[in-house]
Amino acid sequence: MIEVDDLGIRFKMEKRRRSGALSFLLERSQNRQRSPREFWALRHVSFTVERGDTVGVIGRNGSGKSTLLRVIAGVYPPDEGKVSIGGEVSTLFSLGAGFQTELSGRDNIYLNGIMVGLTKDRIEELLDVIIEFAELGDFIDMPVRTYSSGMRARLGFAIAMHSDKDIVLIDEIMGAGDVAFRQKAEAEMSRIIGERTVILVSHNMSAIEQFANKAIWFDKGVIAGMGEPKKVVEQYLAASKVKKPPPDKEDWAVA
Amino acid sequence: MIEQLKNIWERRELLYYMVRFQMKAEKKNKVLGFVWSFLDPLLLMLTYIVLVSYIFGRGGPQFPVLLFTALISWRWFTNSLRRSVNSVTSKVGLIQSVRFPLVILPLSGIIIGFFDWLFGFAILVPMLFIFKASFTVNVLWLPVLLLIQIIGTIGACLIAAVWGTYLSDLSNIIQFAIRICFYLTPIIWAVEERIPERLIHLYMLLNPFAGLLESYKNVLIRGVPPSEYAIVGVALSCVVFVVGLWYFSRDEHKLVKAI
């Protein structure tokens with residue numbers, strides 16, 4: 001379903017994302033005496049995902065997890081290596097990014113559907129399902145900028161889950177929402193396991209162990225561990241020297 | 001490059017919705033909403049009428065309608081350019097969440113600019129009657145002129161979108177450059193009045209907008225065919241279009257990382 005072969009993603013590190021015009025010209029005229037440093041967000045990454053897998057991706061902040069999701073979403077083309085994706089990918093909602101905040105939740109659902117290539121009819125069909133799942137009530141017609149982070153996460157999750165795509169990308173949103181919503185999210189995740197292919201990035205080790213049938217641990221852009229979730233989580237926690245909290249269904253504390 | 005064009009055609013529905021949602025978002029907070037699309041050019045025109053007709057005492061009887069014709073076309077170009085400069089950087093969240101042809105971002109700015117032109121045109125039509133413009137078959141040249149303008153605008157905006165992503169100064173530079181070009185172009189003044197006769201030919205060759213704007217005035221108000229100097233506009237538009245399209249296609253994948 002997804003084949004990643006020696007993937008590398010490189011970024012140029014500039015102090016200012018966009019240099020001022022003058023320094024831009026100066027750098028040019030000095031003929032790259034200060035060549036910008038580059039860093040590899042991902043390097044030599046290889047793994048395979050079969051249809052129906054739920055892959056848990058763990059690692060410290062900045063280890064390349066979100067970058068990987070973006071590669072799979074098609075946002076970053078590989079600088080090295082190859083990525084083959086045999087299916088359609090959902091939108092990546094990282095903690096609510098990707099919403100047009102001036103528009104209402106409803107409009108964002110619509111826009112998202114168009115962006116991932118759904119037909120208008122299909123979007124209409126899914127609209128009610130998504131609205132109901134997100135439980136935003138009247139807020140669905142308010143601009144997203146009025147939403148709390150939890151509400152955005154719920155909407156993002158609702159859209160990602162119901163967008164008809166073979167591959168679902170979930171970034172850090174399992175921890176959002178109140179207990180009632182988490183139970184719903186849990187149920188939804190359990191429902192689609194096996195049916196669809198899920199890439200789940202989370203800091204919540206319980207969620208990873210519960211849903212994933214494969215886990216990959218990223219450390220500074222390379223794979224530090226891969227395989228059975230319980231094992232990989234243990235490796236990761238050992239390396240981070242964090243004592244694993246006792247498994248407690250009620251305690252989905254946000255890391 | 002042909003790929004790009006095909007791509008855009010395939011995702012035309014996306015372009016449509018981007019435009020629609022962008023326009024919706026922009027007028028959401030404004031009390032007057034879309035009325036501003038009419039008011040903006042109207043108020044601008046009134047400002048210049050006061051300045052030129054009353055304060056300077058120039059312009060002639062048809063000044064308002066000549067001014068307005070040039071103004072709405074000029075505004076279409078400059079507003080498109082301004083929007084394009086920030087088109088990519090303003091949509092970081094969206095670009096990093098889902099894959100889509102980025103060219104849609106500056107393009108939607110141009111299309112919104114065109115709708116503003118249409119609103120302006122809706123006001124222009126009654127003005128043409130009021131100021132007794134000559135209505136001849138030459139009016140049929142209008143779509144051709146619009147086509148020339150849109151081709152050139154697309155090229156310029158694609159280049160602006162790329163540069164604007166790397167250089168935040170570009171919006172300041174563009175503001176300034178537009179202002180200068182505005183005064184150097186026959187919008188609030190007439191070519192015959194201000195340019196010495198022996199220099200007119202040179203001027204018209206050097207300023208691509210001059211030929212185009214004179215042509216708009218020719219076909220809508222004076223009832224004559226477009227200015228020969230519009231050819232300069234045609235040639236330049238085509239070149240800029242090809243260059244812009246090539247440049248944007250080449251750099252598109254770098255843009256996602258630059259934001």
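Things worth noting here:
- Relative contact order %, chain B, counting alpha carbon pairs below 8 Å whose residues are six or more apart: 26 percent
- Along its three principal directions, the equivalent ellipsoid of chain B from the Cα gyration tensor extends over semi-axes of 33, 21, 17 Å, largest first.
- Evaluated over chain B, the count of Lys pairs having alpha-carbon atoms less than 21 Å apart is 7 (only pairs 8 or more residues apart or interchain).
- Probe 1.4 Å, accessible area per residue of the stretch B:154-226, Å²: 46 Å²
- Size-normalised alpha-carbon gyration radius of the stretch B:50-94, reference 2.2 N^0.38 Å: 1.82
- With the helix formula -39500 (n - 2.57) applied to DSSP H stretches of n ≥ 4, chain B reaches a computed 222 nm mean residue ellipticity of -24500 deg cm²/dmol.
- Average other protein chain Cβ within 10 Å of Cβ, residues A:107-118: 4
- Potential extension, residue A:97-residue A:222 segment - 0.36 nm per residue separation minus Cα distance: 42.5 nm
- Using the Cβ-Cβ distance between residue B:250 and residue A:50 with R0 = 35 Å, the FRET efficiency computed as 1/(1 + (r/R0)^6) comes to roughly 0.45.
- Working from label points 7 Å from Cα in the Cα-to-Cβ sense, the residue B:125 to residue B:257 distance is 5.1 nm.
- Computed from point charges on the beta carbon alone (+1 for Lys and Arg, -1 for Asp and Glu), the dipole magnitude for the protein assembly as shown about its Cα centre is near 1580 Debye.
- The portion of the accessible surface of chain B made up by carbon and sulfur, rounded to a whole percent, is 69 (1.4 Å probe; DNA, RNA and ligands excluded).
- Extended-chain gain in nm, criterion 0.36 nm per residue less alpha-carbon gap, residue A:191 and residue A:88: 35.1 nm
- Nitroxide proxy distance, nm - points 7 Å out along Cα→Cβ at residue A:124 and residue B:173: 4.8 nm
- Between the stretch A:65-137 and the stretch B:88-102, the alpha-carbon center distance in angstrom: 11 Å
- Cβ-Cβ FRET estimate between residue B:12 and residue B:140, R0 fixed at 41 Å, reported to 0.05: 0.95
- Loss of accessible area when B meets A, both sides summed, Å² nearest 100, probe 1.4 Å: 2900 Å²
- The per residue volume of the convex hull around the alpha-carbon atoms of the stretch B:55-149 is 127 Å³.
- Each principal axis of the stretch B:213-259 carries a Cα extent, and these read 51, 19, 9 Å when sorted largest first.
- Placing unit charges on each Cβ (+1 for Lys and Arg, -1 for Asp and Glu) gives chain B a dipole about its Cα centre, and among B:243, B:125, B:101 the Cα reaching farthest toward its positive end belongs to B:101.
- Remark: for residue pairs A:65/A:231; A:12/A:65; A:65/A:165; A:12/A:230, the C-alpha separation exceeds 24 Å in A:12/A:230.
- Positive minus negative residues near residue B:18 (Lys, Arg vs Asp, Glu; Cβ under 14 Å): +2
- FRET efficiency, 1/(1 + (r/R0)^6) with R0 35 Å, evaluated for residue B:27 and residue B:192 via beta carbons: 0.30
- With q set to 0.12, 0.16, 0.24, 0.25 Å⁻¹, the log10 of I(q)/I(0) for the stretch A:54-153, from the Debye formula over equal scatterers at the Cα positions, is -0.50, -0.83, -1.30, -1.34.
- The calculated P(r) of the protein assembly as shown, using every Cα pair and 20 Å bins from 0, goes 20, 45, 26, 9, 0 in percent.
The values are calculated or read from the model by the stated rules, or taken from the named source; none is laboratory data. Since the structure is predicted, the reported quantities are computational estimates derived from the model, not experimental observations. Don't worry about glycine lacking a Cβ; one is built from the backbone with ideal geometry, like all the others, and counts go over all protein chains shown. The accessibility values were calculated without ligands, DNA or RNA, using every heavy atom of the protein model including side chains. Shrake-Rupley method; radii C 1.70, N 1.55, O 1.52, S 1.80 Å.
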